[in-house]
Amino acid sequence: ARTLWRAGRQDDARTVLQNMYNHAVITPENDTASWGKLRNCWYWWDDAVEATAQGLMAYVEIQPDEPMAARAMKWLVLNRQGRQWKSSKDTGQAVMALTAYMKQRKATTTDMQISVTVGNNPGAAYTRTWTITPDNFWSFDGKFVLEGDAVPDGKYPVTITKSGKGTLFYSVFAEYFTLEEGIKK
């Protein structure tokens with residue numbers, strides 16, 4: 001698609017993007033899209049990280065406002081393993097694609113402050129705040145973990161606020177299990 005686009009064959013490039021859309025694995029639960037397989041792949045186009053990175057770069061270059069670009073970006077971010085992906089090669093591809101996405105959207109890493117609050121009852125809410133600068137952007141620990149008794153019972157909101165001009169990307173996850181025997185369905 002990118003080669004066709006650069007060769008001046010815009011209609012053909014858009015057709016290839018439509019074909020890519022037809023083969024995407026779209027997960028509605030977290031609004032992500034990917035291409036390829038997570039395991040047992042041999043070529044780059046069969047590997048989910050590399051194929052999704054290439055797909056993201058194609059959408060960013062040809063149809064940047066297409067929702068598939070944001071879905072592919074989100075899939076790449078959610079499938080990172082710590083500070084990397086599976087290998088140095090697919091990590092490089094993912095970083096290049098995410099950088100293209102951020103550049104196209106003019107995302108910045110200027111100074112900003114992020115606060116995350118869990119719960120809304122005064123005295124019973126948990127808050128953590130980070131100051132993010134261009135110097136610590138890649139190294140700050142942006143995790144906020146509540147465990148055991150710190151997790152309030154029932155439903156509670158998660159509020160994320162930002163001050164400053166930087167661009168904020170975030171994810172929220174919940175994992176839970178019980179230690180009791182004979183778990184009821």
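Taking a ≥ b ≥ c as the square roots of the Cα gyration tensor eigenvalues, with a/c under 1.5 meaning rounded and otherwise prolate when a/b beats b/c, else oblate, which class fits segment 74-119? Since a/c reaches 1.5 but b/c is at least a/b, the shape of segment 74-119 is classed as oblate. Only helical runs count toward this figure. For the chain, summing -39,500 (n - 2.57) over DSSP H runs of n ≥ 4 and dividing by all residues gives -10500 deg cm²/dmol at 222 nm.
Shape descriptor for segment 1-105: Rg over Rh equals 0.95 (Cα atoms; Rh from the Kirkwood inverse mean 1/r). Under the classification rounded if a/c is under 1.5, otherwise prolate if a/b is larger than b/c and oblate if not, where does segment 17-70 fall, given a ≥ b ≥ c as square roots of the Cα gyration tensor eigenvalues? It is oblate, given that a/c is not under 1.5 and a/b is not larger than b/c. Among the trypsin sites (Lys or Arg not before Pro) in segment 1-61, those placed in a DSSP loop whose Cβ has at most 12 other Cβ atoms within 10 Å are R39. Looking at segment 96-138, the trypsin sites (Lys or Arg not before Pro) that sit in a DSSP loop and have at most 16 other Cβ atoms within 10 Å of their own Cβ are R105, K106.
Can you give me the relative contact order of segment 63-185 as a percent, contacts being Cα pairs under 8 Å and 6 or more apart? Averaging sequence separation for qualifying contacts and normalising by length gives 25 percent for segment 63-185. Within segment 1-96, the GluC sites (Glu not before Pro) that combine a DSSP coil assignment with at most 14 other C-beta atoms in a 10 angstrom radius are E29.
Take 75-81, 131-137 and order them by the average number of nearby Cβ atoms within 10 Å per residue, most first; the result is 75-81, 131-137.
Determine the alpha carbon to alpha carbon distance for each of K74/K162; K143/K165; K143/K184; K74/K184; K106/K155 and list only those over 25 Å. The answer is K143/K184; K74/K184; K106/K155.
Under a 5 Å amide H cut-off, with hydrogens placed 1.01 Å from N, T108 pairs with T167 among residues at least 5 apart or on other chains.
In the context of the full set of protein chains, segment 76-185 has a per residue accessible area of 78 Å² (1.4 Å probe).
When the Cα gyration tensor is reduced to axis lengths a ≥ b ≥ c, the ratio a/c is 1.5 or higher for segment 66-185, and with a/b not above b/c it is classed as oblate.
The values are calculated or read from the model by the stated rules, or taken from the named source; none is laboratory data. Just so we're clear, the structure is a prediction, and the values are computed from it rather than from any experiment. Note that we place each Cβ from the backbone using ideal geometry, even for glycine, and neighbour counts take in every protein chain shown. Just the protein is used for accessible areas: all its heavy atoms, side chains included, with ligands, DNA and RNA removed. Shrake-Rupley method; radii C 1.70, N 1.55, O 1.52, S 1.80 Å.
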